[in-house]
Amino acid sequence: QVQLVESGGGLVQAGGSLRLSCAASVRIFSFNAMGWYRQAPGKQRELVARIDSSGRTNYSDSVKGRFTISRDNAKNTVYLQMNSLKPEDTAVYYCNLEVGPFYYWGQGTQVTASS
């Protein structure tokens, strides 16, 4: 059974930084795409960043230039470095692993950027 465990969330002042980590309970291969999504209260879950099997990344327009996604296949871990955090980045952040047609999700970690 695939389990994803996120860590690194917390409370930070606007302009600050946080680094999220997501560790998978199974070996992740270079051909598995992984991503980070977020969901703010009253809003739909949205894609924040994704890294595919070739290492290509894509980001939502709202985080481009501030967030960086990376992966370490040897550690079965994906990261999200978040800089220059804004109050509107406040949300629960979820890690995602794509295995063929299936999506696996972590339990989420709260990120709060206070103004």
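Some points to look at:
- Selected residue (criterion: nearest to the chain's Cα centre (by Cα)) from residues of region 10-36 that are buried (at least 16 other Cβ atoms within 10 Å of the Cβ) and over 25 Å from Val99 (Cα atoms): Leu18
- Some residue of region 64-76 being at pLDDT below 95, out of contact with any Leu (no Cβ under 8 Å at 6 or more places or on another chain), open to solvent by 70 Å² or more (accessible area, probe 1.4 Å) and not polar (S, T, N, Q): yes
- Condition met for Ser70 (without any contact (Cβ under 8 Å) to a residue 60 or more places away in the chain and either touching a strand residue (DSSP E or B) at 6+ places or on another chain (Cβ under 9 Å) or of a type in the set (A, V, I, L, M, F, W, C) (or both)): yes
- Odd one out for Cys95 among (1) crowded, with 21+ Cβ neighbours inside 10 Å; (2) free of Cβ contacts under 8 Å to residues at least 24 places away in the same chain: (2)
- Identity of the residue in region 37-63, surrounded by fewer than 10 Cβ atoms within 10 Å (Cβ to Cβ) and within 19 Å of Gln110 (Cβ to Cβ), that ends up nearest to the chain's Cα centre (by Cα): Gln44
The values are calculated or read from the model by the stated rules, or taken from the named source; none is laboratory data. Just so it is clear, the structure is predicted and the values come from calculations on it, not from any experiment. No Cβ is skipped: glycine too gets one built from the backbone with ideal geometry, and neighbour counts run over all protein chains shown. Surface areas here come from the heavy atoms of the whole protein model, side chains and all, with no ligands, DNA or RNA. Shrake-Rupley method; radii C 1.70, N 1.55, O 1.52, S 1.80 Å.
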